[in-house]
Amino acid sequence: MLNSSCEKDDFCIEPITSKMIIRFYNATNITQTKTVSDLSVNPEGYDEIYSNVSIDSIVIPLDVSNNQIIYNFSSEGNQDILSINYEIEEVFVSRSCGFKAIFNNVTVTSDVSNDWIIGLTETLENTITIPTIDNESSAHLQIFH
Amino acid sequence: MSANAQQVNDSIPKDSIVYKTNYGLRLGIDLSKPIRSILQDYNSGIEIVGDYRISKKWYIAAELGNEEFTTNEDFTNSTSKGSYIKAGLNYNSYNNWLDMNNEIFIGFRYGFATFEQTLNSYQINIGNSILPSVFNNTPFTQKGLTAHWSELQLGFRAEVYNNIFITFSGSYKVMVNITDPTNFKTHYAPGFNRIYESNTGFGFNYTISYLIPFVKK
């Protein structure tokens, strides 16, 4: 009887599904972060998450209903496309938080047009695999431009 | 002197009547579960209660039940289903007048449940996101779950008619051992009720019972 009230005795405070954190670096001086000017970001088929901002790091969600998501990144009118492929692991967190997704074997591929994104690795390759995305404590992906 | 006094006492007939009360097996049924299934989000349950008086103040007591309860949370919906037994002692702290047979009792129980829990549906928690979440409603049942707990009860029992008793009682439970489903958690154990974060639980019973008198003492 006592346990049936509508009030919740707990709130979700544990970390849930992580988003992907991206930092932008200077392609000609790879240890230096570099602000992207006039950046707009949207997942294909959805509204923009960032619109015409100048920024050196962003946070983007991955799609838990698919094993892939495609993002459009444009800076000063130049558009590059990032394809992100991954496996989803569903993990129970708690009564109030429910389940979260952990993304494993996350492969990010930049289109070869290199309109403004030059590479995703320090050797400026167009693809990189991230073993797992399970927290938001540090950047997962570096984008060199 | 003392021998004389003893003799005097013995020679005078006692002026008080010894009021005897019934000893026997008392059996009953919990009415709170059927009431809850009408008034609240409670699926179904039945509980048989019984006790046997062993002395003026002490009773051996047990409850036997079966229930089904669905827990609906923000991101999960799960149903627990199974049986339980609770056994222990009641101590009656109430001093009855005359031949009355009422109780304010404190009860101690050991509880054991065997049950299954089905995760009926769940949604992945993605927080604030413009992307859709996944709603999965393929049920997943984990059988063979068990719970062991200790329980402290406080109850009020009144003899409302000859050998017929009404009882209100509340209980505080502390989980001793609980098994959880793979990649999930047991949210409700039959007999224990909702399992709170601290592995504690609460209960409330309203029972009607009948005393089968064996002997008057």
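Shown here for the range A:52-126: chymotrypsin sites (Phe, Trp or Tyr not before Pro) in loop regions (DSSP other than H, G, I, E, B) with at most 13 other Cβ atoms within 10 Å, of which there are none.
Distance distribution P(r), the protein assembly as shown, all Cα-Cα pairs, bin width 10 angstrom from 0: 5, 19, 19, 14, 12, 10, 8, 6, 4, 2, 1, 1, 0 percent. Rounded to two decimals, what is Rg over Rh for the range A:13-144 when you use alpha-carbon atoms and the Kirkwood radius? Ratio of gyration radius to Kirkwood radius: 0.98. Only aspartates and glutamates eight or more places from B:K185 in sequence, or on another chain, were considered; those with a Cα closer than 19 Å are A:D9, A:D10, A:E14, A:E89, A:E90, B:E67, B:E68, B:E73, B:D74, B:E116, B:E197. On the basis of the beta-carbon distance and an R0 of 35 Å, A:E89 and B:I46 show a calculated FRET efficiency of 0.30. Diffusion coefficient (Stokes-Einstein, Kirkwood radius over C-alpha pairs, 20 °C, 1.002 mPa s) for chain B: 107 µm²/s, rounded to a whole number. Within the range B:31-131, the trypsin sites (Lys or Arg not before Pro) that combine a DSSP coil assignment with at most 11 other C-beta atoms in a 10 angstrom radius are B:K56.
At full extension, B:L152 and B:V215 could sit 19.8 nm farther apart than now, given 0.36 nm per residue minus the alpha carbon distance. Residues in the range B:168-177 carry Karplus couplings, in order, of 10, 8, x, 9, 10, 10, 10, 5, 9, 8 Hz; the curve used is 6.51 cos²θ - 1.76 cosθ + 1.60 with θ = phi - 60°, and Gly or Pro positions show x. Quick one: Cα centre-to-centre distance for the range A:93-145 and the range B:100-131, in angstrom? The range A:93-145 and the range B:100-131 have Cα centres spaced 39 Å from each other. Where does the protein assembly as shown land at 222 nm, in deg cm²/dmol rounded to the nearest 500, when only DSSP H runs of n ≥ 4 count, each adding -39500 (n - 2.57), divided by all residues? One gets -1500 deg cm²/dmol as the mean residue ellipticity at 222 nm.
A run of chain B free of exposed loop cleavage sites, with chymotrypsin sites (Phe, Trp or Tyr not before Pro) counted only in DSSP states other than H, G, I, E and B and at most 12 other beta carbons within 10 Å, reaches its longest extent at B:98-217. Around the amide H of A:K34, modelled in the peptide plane, lie the amide H atoms of A:F24, A:Y25, A:N26, all under 5 Å away and 5 or more residues distant in sequence or on another chain.
The calculated P(r) of the range B:123-168, using every Cα pair and 5 Å bins from 0, goes 5, 11, 10, 8, 8, 8, 9, 10, 10, 8, 6, 5, 2, 0 in percent. Rounded to the nearest 20 debye, the dipole magnitude of the range A:13-144 is 320 debye, with +1 charges on Lys and Arg beta carbons, -1 on Asp and Glu beta carbons, and the Cα centre as origin. To the nearest 0.05, what FRET efficiency results for B:S198 and B:N96 with a Förster distance of 30 Å applied to their C-beta separation? That pair, B:S198 with B:N96, gives E of 0.20.
In nm, give the distance between the simple-model label positions of B:I60 and B:F140, each being 7 Å from the Cα along the Cα-to-Cβ direction. Taking the simple label geometry, B:I60 and B:F140 are separated by 4.4 nm.
Here the calculated FRET efficiency for B:N72 and A:L124, from their Cβ-Cβ distance with R0 = 56 Å, stands at 0.65, rounded to the nearest 0.05.
Taken together, the values in this text are just the output of simple stated rules run on the coordinates, not laboratory data. The structure displayed is predicted, hence computed values, not measured ones. Glycine also receives a Cβ, built like all others from the backbone with ideal geometry; neighbour counts cover every protein chain displayed.
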